[in-house]
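Read the structure below first, then the notes.
The values are calculated or read from the model by the stated rules, or taken from the named source; none is laboratory data. Not measured: the values here are computed from a predicted model. Cβ placement follows ideal geometry from the backbone for every residue including glycine, while neighbour counts extend to all protein chains displayed. What goes into the accessible areas is simple: the full protein's heavy atoms, side chains included, and nothing from ligands, DNA or RNA. Shrake-Rupley method; radii C 1.70, N 1.55, O 1.52, S 1.80 Å.
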Amino acid sequence: MNDLQILTGDSLKILPTLTAESVQCCVTSPPYWGLRDYDHPAQIGAESSPELYVENLVTIFREVRRVLSKDGTLWLNVGDGYARNGGTGNCGPNAIVGNTKKLIQKRNCKVPACWGLKDRDLMGLPWRVAFALQADGWILRSKITWIKKTAMPESVKNRPTSATEEVFLFAKSPAYFYDARAVREPSGANLRNYWTLGPDPSGNGHPAAFPRELARRCILLGSREGDTVLDPFGGSGTTGLVAGELGRKAILIEINPAYSQIVSERTTAFQPQLRMLPPPSEESEPDRRVTKTRIKTVNS
Ligand SMILES: C[S@@+](CC[C@H](N)C(=O)[O-])C[C@H]1O[C@@H](n2cnc3c(N)ncnc32)[C@H](O)[C@@H]1O
């Protein structure tokens with residue numbers, strides 16, 4: 001296989017085509033629910049309710065577990081959001097605003113009745129996803145707090161500004177590979193579970209890339225040279241780029257061809273014989289996504 005494969009298409013359809021136990025670790029950050037529009041009808045994060053979002057992630061990461069080697073790990077960064085249940089109008093991130101037909105997404109979108117959420121409730125999505133994955137068979141081994149050196153400004157006066165996110169470490173089995181010597185504290189002590197990281201200095205055309213240092217730590221701790229690293233939400237390809245720099249192979253899946261293009265531009269330096277595959281045929285794989293009213297909501 002090439003050192004870097006970029007598979008353009010829906011992870012729900014592409015993951016089942018990957019060979020079982022062929023990947024050592026998965027480092028990824030799915031879209032956060034209701035935050036951004038990645039301009040694709042099958043995108044994750046645009047479900048009509050956060051419950052469906054959690055269900056879809058469980059389905060995707062079940063496939064990731066199949067693809068991981070027996071001692072493999074998943075490093076998962078997921079963000080939170082607030083329920084805004086006041087006002088009128090449609091629920092969910094795809095609610096049509098006014099007479100526009102454009103997909104509208106807002107961080108604080110109106111949430112349909114679930115989990116007893118009230119207006120302005122923090123949804124607790126990272127932990128809801130973590131518990132759902134745990135119930136589905138994953139072993140939840142660590143919660144790392146990513147402290148952001150540069151927090152996104154928020155115009156709030158009734159709570160502290162959010163400046164942290166979660167990165168969860170999951171294992172497929174109790175005896176998993178973890179190279180504790182690969183990343184240490186400056187004192188030489190075992191790495192702590194809070195990482196203070198700034199954004200990368202230059203943007204890369206993707207609105208939600210994670211810092212290279214975040215990917216670097218996860219890959220070093222979770223794999224050996226020559227292993228294969230997977231990112232089913234490839235974005236601008238940070239995971240693949242860093243994996244290549246560290247002598248790992250990588251498989252990236254990205255639904256939006258424009259972002260796959262950014263990946264190929266960022267990564268051709270280390271991988272000139274880059275392989276970009278077309279999306280699989282719509283008929284080839286059953287779609288196991290929980291869609292319910294999502295598409296309808298977008299178009300109605
Ligand atoms: C938070 S971004 C990942 C950013 C990435 N970590 C980086 O550093 O650039 C999530 C990505 O998942 C993609 N995506 C959304 N739904 C998807 C799906 N069903 N299959 C594959 N990719 C998807 C989006 O287009 C977006 O680029």
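Amide H contacts of residue 230: 25, 26, 27, 251, each under 5 Å away and 5 or more positions distant or on a separate chain (H built 1.01 Å from N in the peptide plane; Pro and chain starts excluded). Using a probe of 1.4 angstrom and keeping all protein chains present, the accessible surface of region 176-252 works out to 42 square angstrom per residue. Peptide packing: for 172-179, 38-45, the average count of neighbouring Cβ atoms within 10 Å per residue gives the ranking 38-45, 172-179, highest mean first. For the pair residue 119 and residue 196, a Förster radius of 35 Å applied to the C-beta separation gives a FRET efficiency near 0.60, rounded to the nearest 0.05.
Applying a 10 Å radius around every beta-carbon, put 21-28, 135-142 in order of their mean neighbour count, most first. The partial results should precede the final answer.
On the way: 21-28: 23.6, 135-142: 14.2.
Highest to lowest by the protection proxy: 21-28, 135-142.
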